[in-house]
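Following: one structure in structure tokens, then a few remarks.
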Amino acid sequence: MTGRRGRINELAVKRRAATVDKLKVNRAGQADRVEKLAGIIQRLEQGDLKLRVRALESERAFQRVAAVQKTIGNAVAAGSLVNLATILYLNSIRMPAMIAYAVCTFFGLQVLVGIIKVKKLDQRERLITGTA
């Protein structure tokens, strides 16, 4: 009976010793972390370290603005090419007019793609902000 109790006590002592060792390691780790944080705070206060903060809302707004600007640029190009092609066609300069119409069609399709992209960005923003 004493042999079994002795083993049980021995196991309990080993478990407690392991727990004490873990606590010592955690306490030493905590001190290192506190020291590291203190160093970071001191560098921030002295101006040696600068924080960069990313605002995801502004990044999404920049994406939308870029998409709208690209769409407007494509629309201006398409409108200018329609005017050019019409003038060329009315002055019986047919081949360059057809080329201008073809390029205008390309930009017109880009405008449609851009509008769809802006609508998707708006929809995603509404889902994220919960204003749907």
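Annotations
- Here residue 101 and residue 131 are evaluated by their C-beta separation; at R0 = 41 Å the FRET efficiency comes out at 0.50.
- Separation in nanometres of the label points that stand 7 Å from Cα toward Cβ, at residue 65 and residue 48: 3.6
- Segment residue 109-residue 56, length gained on full extension (0.36 nm per residue, minus Cα span): 16.1 nm
- Subtracting the Cα-Cα distance of residue 117 and residue 92 from 0.36 nm times their residue separation leaves 5.2 nm of extension gain.
- Extension gain, residue 18 back to residue 82 (0.36 nm per residue minus Cα-Cα distance, nm): 14.9 nm
- When each of the peptides 78-90, 34-46, 117-129 is scored by the mean number of other C-beta atoms lying within 10 Å of its residues, the order from highest to lowest reads 78-90, 117-129, 34-46.
- Counted over the range 53-132 with a bin width of 5 Å, the fraction of Cα pairs per bin, in whole percents, is 3, 16, 18, 15, 12, 10, 9, 6, 5, 4, 2, 0.
Where a number appears in this text, it was derived from the coordinates with a stated rule and is not lab data. What you see is a predicted model, and the numbers here were worked out from it, not measured in a lab. Note that each Cβ is placed from the backbone with ideal geometry, even for glycine, and that neighbours are counted across all protein chains shown.
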